[in-house]
Ligand code: GCB
């Protein structure tokens, strides 16, 4: 009996602690209002070797891993020790760095030491580019907060917690797939876990530039935007400079630290993929300076046209996962990502669809520099729990974080609220609310989603999805000639996509194992993929409002769902490039078609 009561007491204490932790977490939940463009500030990089402990049974909270204790005497019982635990590279996923963790999904704890000498009057922020999927962050044993969603940045102010001298960070990550998550528990890519993007420590003055936006007005006559200060000295005079254009404006901030402005432009060259002109932006406050490189352009739709700087364009695109086949796992540097975008350029792309989640923040900066338009997406993929309010809030938060992060990138023209979501009433409400939310946050870009269509008994592909009313661009994925048919069957099909808006086919594709040559009726041969592309492009060209395409996909990518032991071996082979970086036959079909589109639209 005594044992029973002891058990009940222990359970109740655990439950109480659990509820307390949950409340503490909720209140510490970070929001998206973080320092804009952290890499343009005074930062110290905390990447490198971190210690890690794999915790499949979730014992770390109870054992207080976050205290990072070391055994004080020989008799002390301590069932973990970061200082002698193995190390792993941050940023980096665990699946590709440790053979035994290749398929692991669950909890892993990370720890690193750092030395700091905080100055009086300065403020300190700890910024994570991303951690998949959930992260709980502790500094010197104290909880800073938590973050959910594997692909967007989060940040904590640590000014009152950072120590002079030795400090330690402990991060609990968990990439378990759950149905209520965003994405849900089923998707066609690798669930790379861990701290997958850079970790930096930023130092600012007490009052600092927290956020800013700078854009061209739709009439192309003015630059408009705002600067937001945070701190005690909110009322200041701000100077915004556009260096290479010799433009400068001085404006006061109001009592909440905000200055909004609009000023006429002279000598500003517009940003286009052909001429990706960027300007050095300097924002001077009395107490802080922020720097960025920003391009100026407008984007809108008129009837069936997509207008970039008022001129009709065709989006010569390709889909991309954030995965470079040359390195195992997640890309770890700007260089890894640049290679992928330069492959898209070789295909003569002016546009890339970043599927199916926010990519590393380097990508939109690179696209700005290299002249690639971007579609950015959140992982509302296939079936998420459309009737679950918490799932909706999660999707909305991820969208907000992405828009907040990339709002100054000229390359980003489309926010996508999801991919292949099934057409039901609850989903229509969920997605419509999300579209409204995006428009509330950003009125200057286009909203889309990759929709699903259906093929009827007359071999006609139709799109009947009321979500289309909410979108600026009608996009859909279709695999006629791969799933359910052969490449040679494609000419028997037709499209009935009568849209009074621009249509961008967001996906079509077929698999081929690089170097496997056979006739065009043989699955996984380069010839079948080649014929698929030839026939698809004829079919797609019949869509009257066609203003862009993004075939699936630039490069073969890893997916645990792709289990054919000869042709796939854990790779989705729909790439136009092989995993060794060779162009497949279909690449040249697509490239020739893009060359022709480019000519047509140059006129
Ligand atoms: C799709 C999905 C994409 C898959 C692709 C495929 O429709 O959007 O994530 O990887 O099809 O290969 O089947």
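The values are calculated or read from the model by the stated rules, or taken from the named source; none is laboratory data. Owing to the predicted nature of the structure, the values given are computational and were not obtained by experimental measurement. Cβ placement follows ideal geometry from the backbone for every residue including glycine, while neighbour counts extend to all protein chains displayed.
Which condition from (1) modelled with pLDDT of 95 or more; (2) out of contact with any strand residue (DSSP E or B) (no Cβ under 6 Å at 6 or more places or on another chain) is the one that residue 602 breaks?
The failed condition is (1).
Residues of the range 558-603 being under 16 Å from residue 320 (Cβ atoms) and more than 29 Å from the chain's Cα centre (by Cα), which ones?
Scanning the range 558-603 gives no hits.
Quickly run through the range 333-357 and pick out the residues that are part of a loop (DSSP other than H, G, I, E, B), away from the ligand (no atom under 16 Å from the Cβ) and either surrounded by 21 or more Cβ atoms within 10 Å (Cβ to Cβ) or over 19 Å from the mean Cα position of the chain (by Cα) (or both). Outline the logic, then answer.
In the first step, residues of the range 333-357 are kept if they are part of a loop (DSSP other than H, G, I, E, B); the result is 333, 347-350, 355-357.
Next cut, away from the ligand (no atom under 16 Å from the Cβ) only: 333, 347-350.
Listed by number, the residues that qualify are 347, 348, 349, 350.
Report yes if residue 420 is surrounded by fewer than 22 Cβ atoms within 10 Å (Cβ to Cβ) and either more than 16 Å from the ligand (Cβ to nearest atom) or modelled with pLDDT of 95 or more (or both), otherwise no.
Working: surrounded by fewer than 22 Cβ atoms within 10 Å (Cβ to Cβ): yes; either more than 16 Å from the ligand (Cβ to nearest atom) or modelled with pLDDT of 95 or more (or both): yes.
The answer is yes for residue 420.
The rows are residues; the columns are (1) away from the ligand (no atom under 16 Å from the Cβ); (2) surrounded by fewer than 20 Cβ atoms within 10 Å (Cβ to Cβ); (3) outside the structural domain of residue 310 (by TED's automatic domain parsing).
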position	(1), (2), (3)
161	yes, yes, yes
182	no, no, yes
185	no, yes, yes
194	yes, no, yes
199	yes, no, yes
234	yes, yes, yes
237	yes, yes, yes
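Between 581, 509, which is within 16 Å of the ligand (Cβ to nearest atom) and either closer than 30 Å to residue 376 by Cβ or at pLDDT below 95 (or both)? Give the derivation first.
Working: 581 fails: within 16 Å of the ligand (Cβ to nearest atom).
Within the list 581, 509, the selection yields 509.
Taking residue 322 as the residue in question, decide whether it is in a strand (DSSP E or B), within 16 Å of the ligand (Cβ to nearest atom) and in contact with a strand residue (DSSP E or B) (Cβ under 8 Å, 6 or more places away or on another chain).
Working: in a strand (DSSP E or B): no; within 16 Å of the ligand (Cβ to nearest atom): yes; in contact with a strand residue (DSSP E or B) (Cβ under 8 Å, 6 or more places away or on another chain): yes.
No; evaluated as a whole, the condition is false for this residue.
If a residue has to be touching a strand residue (DSSP E or B) at 6+ places or on another chain (Cβ under 6 Å) and part of a helix (DSSP H, G or I) to count, how many in the range 556-599 make the cut?
Result for the range 556-599: 2.
Please count how many residues of the range 435-464 are under 30 Å from residue 406 (Cβ atoms), within 16 Å of the ligand (Cβ to nearest atom) and either part of a strand (DSSP E or B) or free of Cβ contacts under 8 Å to residues at least 40 places away in the same chain (or both). Spell out the reasoning first.
Step one: filter the range 435-464 for residues under 30 Å from residue 406 (Cβ atoms), giving 435-453, 463.
Still in the list and also within 16 Å of the ligand (Cβ to nearest atom): 448-453, 463.
Then keep just the ones that are either part of a strand (DSSP E or B) or free of Cβ contacts under 8 Å to residues at least 40 places away in the same chain (or both); that gives 448-452, 463.
Total satisfying the criteria: 6.
Considering only the range 425-445, I want to know if a residue exists there that is touching a strand residue (DSSP E or B) at 6+ places or on another chain (Cβ under 8 Å) and closer than 14 Å to residue 353 by Cβ. Steps first, please.
At the first step, the residues of the range 425-445 found to be touching a strand residue (DSSP E or B) at 6+ places or on another chain (Cβ under 8 Å) are 431, 434-435, 438-439, 442, 444-445.
Right, trim to closer than 14 Å to residue 353 by Cβ and you get none.
Checked the range 425-445: no residue is touching a strand residue (DSSP E or B) at 6+ places or on another chain (Cβ under 8 Å) and closer than 14 Å to residue 353 by Cβ.
Out of 374, 402, report the one residue that is part of a strand (DSSP E or B), within 14 Å of the chain's Cα centre (by Cα) and either farther than 13 Å from residue 554 by Cα or assigned by TED's automatic domain parsing to the domain that holds residue 190 (or both). Spell out how you get there, then give the answer.
Numbers: 402 fails: part of a strand (DSSP E or B).
Residue meeting the stated conditions: 374.
Would you point out the residue of the range 465-496, among those that are in a loop (DSSP other than H, G, I, E, B) and farther than 28 Å from residue 562 by Cα, that is farthest from the ligand (Cβ to nearest atom)?
Going through the range 465-496, the residues in a loop (DSSP other than H, G, I, E, B) turn out to be 465, 471-473, 478-486, 493.
Still in the running and farther than 28 Å from residue 562 by Cα: 465, 471-473.
Working: 465: 15, 471: 17, 472: 20, 473: 17 Å.
Checked the range 465-496; the qualifying residue farthest from the ligand (Cβ to nearest atom) is 472.
Search the range 515-526 for residues being more than 16 Å from the ligand (Cβ to nearest atom) and in contact with a strand residue (DSSP E or B) (Cβ under 8 Å, 6 or more places away or on another chain), and hand back the single one that is farthest from residue 312 (Cα to Cα). Give the derivation first.
Step one: of the range 515-526, the residues more than 16 Å from the ligand (Cβ to nearest atom) are 515-522, 525-526.
Next, from what is left, pick out any that are in contact with a strand residue (DSSP E or B) (Cβ under 8 Å, 6 or more places away or on another chain): 516, 525-526.
Working: 516: 40, 525: 37, 526: 34 Å.
Of everything passing the filter in the range 515-526, 516 is farthest from residue 312 (Cα to Cα).
Output the number of the condition that residue 418 fails; it satisfies all remaining conditions of (1) without any contact (Cβ under 8 Å) to a residue 24 or more places away in the chain; (2) not in a loop (DSSP other than H, G, I, E, B).
All conditions are met except number (1).
Only one residue in 278, 307, 315 is surrounded by fewer than 17 Cβ atoms within 10 Å (Cβ to Cβ) and either in the same structural domain as residue 230 (by TED's automatic domain parsing) or at negative phi (or both). Which one?
Details: 278 fails: surrounded by fewer than 17 Cβ atoms within 10 Å (Cβ to Cβ); 315 fails: surrounded by fewer than 17 Cβ atoms within 10 Å (Cβ to Cβ).
Within the list 278, 307, 315, the selection yields 307.
Against the definition (touching a strand residue (DSSP E or B) at 6+ places or on another chain (Cβ under 8 Å) and assigned by TED's automatic domain parsing to the domain that holds residue 132), how does residue 59 come out, yes or no?
No: the conditions fail for residue 59.
Can you confirm whether the range 505-517 contains a residue that is assigned by TED's automatic domain parsing to the domain that holds residue 473, under 30 Å from the mean Cα position of the chain (by Cα) and without any contact (Cβ under 8 Å) to a residue 60 or more places away in the chain?
Scanning the range 505-517 turns up at least one residue that is assigned by TED's automatic domain parsing to the domain that holds residue 473, under 30 Å from the mean Cα position of the chain (by Cα) and without any contact (Cβ under 8 Å) to a residue 60 or more places away in the chain.
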